[in-house]
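Please treat every number below as a calculation from the coordinates, not as lab data. Just so we're clear, the structure is a prediction, and the values are computed from it rather than from any experiment. A quick note on method: Cβ atoms are made from the backbone with ideal geometry, for glycine too, and the neighbour counts reach across all protein chains shown.
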Amino acid sequence: MKIVRSISKLKQIIKSFKDSNYIISLIPTMGNIHDGHIALIKRAKSMNTICVVSIFINPTQFDRLYDFNNYPRSIKLDCKKLIFYNVDIVFIPSILTMYPNGINNYTYIYVPVISEILDGSKRLNHYKGVTTIISKLFNLIQPNLAFFGEKDFQQLIIIKRMVCDMHYNIKIISVPIFREKSGLAYSSRNTLLSKDNYKIAHKFYLILKDLANKLKYNIHCSIVNLINTAKYQLQETGFIVDSLYILDYKNLTNITSNSKYVIILSAVWLGKIRLIDNIKIKINN
Ligand code: PAF
């Protein structure tokens with residue numbers, strides 16, 4: 001595996017693979033590689049592609065300095081895992097490499113409206129930071145395929161929209177949420193949970209699953225009541241509910257009688273850690 005830190009080296013290696021007609025896959029990460037990332041890598045490798053993983057804790061997508069400063073950093077261990085899974089290139093740029101003119105007043109890519117709703121309304125400028133860094137990585141690597149997990153579902157929709165609007169010739173492949181045995185969705189932030197909080201974290205998913213089951217067969221009963229019951233259960237378990245929505249899966253708008261699939265999207269606080277999760281449901285009318 002090649003460990004690359006500079007843009008010139010990155011471009012040189014990518015070019016040599018492209019000259020030999022290889023298909024390039026990009027898996028953007030912020031490091032602290034876990035089984036959720038590995039699922040993306042395995043999918044890319046199963047498609048016989050040159051697998052590029054980027055590790056960059058992108059400062060412009062953090063709305064709280066505390067979160068940025070405390071984001072888990074484990075580059076050495078990450079590289080060991082990436083070698084084990086036969087990743088071809090890991091790109092680990094510095095902040096200066098990715099933002100040559102600094103992170104104030106940087107040139108950005110912004111997907112309007114959808115970046116402002118739901119999680120975007122809670123985390124100021126978060127999605128602007130995400131689309132900007134992903135667009136930089138797309139420009140530098142020019143992958144044929146890029147892989148994203150479905151855990152941050154809004155992020156996935158926003159990136160697909162950016163690819164369409166900016167005419168990127170890149171196929172976005174989404175991979176279902178990868179969960180621990182308990183049901184807890186893998187996340188780099190899970191390692192920051194205290195021992196006690198880790199023990200209850202999986203109940204987030206269990207409560208959402210319960211809500212999903214009720215919703216599946218009772219779509220006509222009051223959505224507000226179902227949401228309020230789930231919020232109550234979450235609070236009783238020890239979570240502080242940041243958001244809980246039930247929306248049309250296709251466009252993240254309110255459910256209508258035409259909605260075939262809906263999605264439960266939720267964010268909760270557990271101590272100082274914010275967890276997100278979602279469940280897609282087919283409606284049995
Ligand atoms: O989902 C993430 O880990 C990040 O938002 C991403 C896509 C790597 C951009 O920094």
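Between Lys80 and His202, how high is the FRET efficiency from 1/(1 + (r/R0)^6) when r is the Cβ-Cβ distance and R₀ = 35 Å? Nearest 0.05. Mind dumping the intermediate values first?
Working: r = 27 Å, r/R0 = 0.77.
Approximately 0.85, to the nearest 0.05.
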Note to self: Using a 7 Å offset from the Cα along the Cα-to-Cβ direction at both Asp242 and Lys9, what is the distance between the two label points in nm, to one decimal?
What the structure shows: 3.5
Item checked: Two-site FRET efficiency, Val224 against Val113, from Cβ-Cβ distance with R₀ of 30 Å, rounded to 0.05 -> 0.80
Next item on the list: Determine the gain in length on full extension of the stretch Asn70-Lys42; use 0.36 nm per residue of separation and subtract their C-alpha separation, reporting nm with one decimal.
Entry: 7.3 nm
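Let me have the relative contact order for the chain, percent, based on Cα pairs under 8 Å that are six or more residues apart. All intermediate terms of the calculation are to be shown ahead of the outcome.
Values: 449 pairs, mean separation 46.6, N = 285.
Here the relative contact order equals 16 percent.
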Check: Angle between the Cα long axis of helix 203-217 and the longest principal axis of the chain, 0 to 90 degrees, nearest 10?
Finding: 60
Next item on the list: Please compute the net charge surrounding Phe153, taking Lys and Arg as +1 and Asp and Glu as -1 over other residues with Cβ under 14 Å from its Cβ.
Entry: 0
Notebook entry, point to check: What's the Kirkwood radius of the chain in Å, using all Cα pairs?
Noted result: 20.0
Next item on the list: Please figure out what share of the DSSP beta bridges in the chain is antiparallel and state it in percent, rounded to the nearest 5.
Entry: 50
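Net charge around Ala185, counting only other residues with Cβ within less than 9 Å of its Cβ (Lys, Arg = +1; Asp, Glu = -1)? Display every interim value, and only then the final one.
On the way: positive: Lys151, Arg179; negative: Glu180, Asp277.
Within the 9 Å Cβ shell, the charges total 0.
Shape verdict for segment 25-138, please, from the Cα gyration tensor: rounded (a/c under 1.5), prolate (a/b greater than b/c) or oblate. Before the final figure, lay out each step's value.
Values: a/c = 1.81, a/b = 1.64, b/c = 1.11.
It comes out prolate by the Cα gyration axes.
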Item checked: Overall Cα dimensions of segment 200-257 - principal axes, largest extent first, Å -> 35, 21, 17
Item checked: Lys282 paired with Tyr217, simple spin-label distance in nm, labels 7 Å along Cα-to-beta-carbon -> 1.7
Margin query: So if I place +1 on the C-beta of Lys and Arg and -1 on the C-beta of Asp and Glu, and nothing else carries charge, what would the dipole magnitude of the chain be about its Cα centre? I want it in debye, nearest 20.
Written below: 620
Checklist line | Approximate spin-label separation Asn169-Gln235, in nm, with each point projected 7 Å along Cα-to-Cβ | finding: 5.4
Margin query: Could you compute the net charge surrounding Lys171? Neighbours are other residues with a C-beta less than 13 Å from the C-beta of Lys171; K and R count +1, D and E count -1.
Written below: +2
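How big is the Kirkwood radius of segment 158-284, worked out from every pair of different alpha carbons and given in Å to one decimal?
On the way: mean 1/r = 0.0628 Å⁻¹.
For segment 158-284, the Kirkwood estimate is 15.9 Å.
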Check: Which part of segment 145-178 falls in the paramagnetic zone of Lys209, meaning amide N under 16 Å from the point 7 Å along Cα-to-beta-carbon?
Finding: 177-178
Next item on the list: For segment 97-234, count all C-alpha to C-alpha pairs, find those more than 23 Å apart, and express that count as a whole percent of the total.
Entry: 52
Next item on the list: Using only Cα atoms, locate the centre of segment 105-145 and the centre of segment 217-269, then give the distance between them in Å, rounded to an integer.
Entry: 26
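How high is the relative contact order of segment 4-101? Use alpha-carbon pairs under 8 Å, at least six apart in sequence, and give a whole percent. Intermediate values should be presented prior to the final figure.
Values: 110 pairs, mean separation 36.6, N = 98.
After rounding, I find 37 percent.
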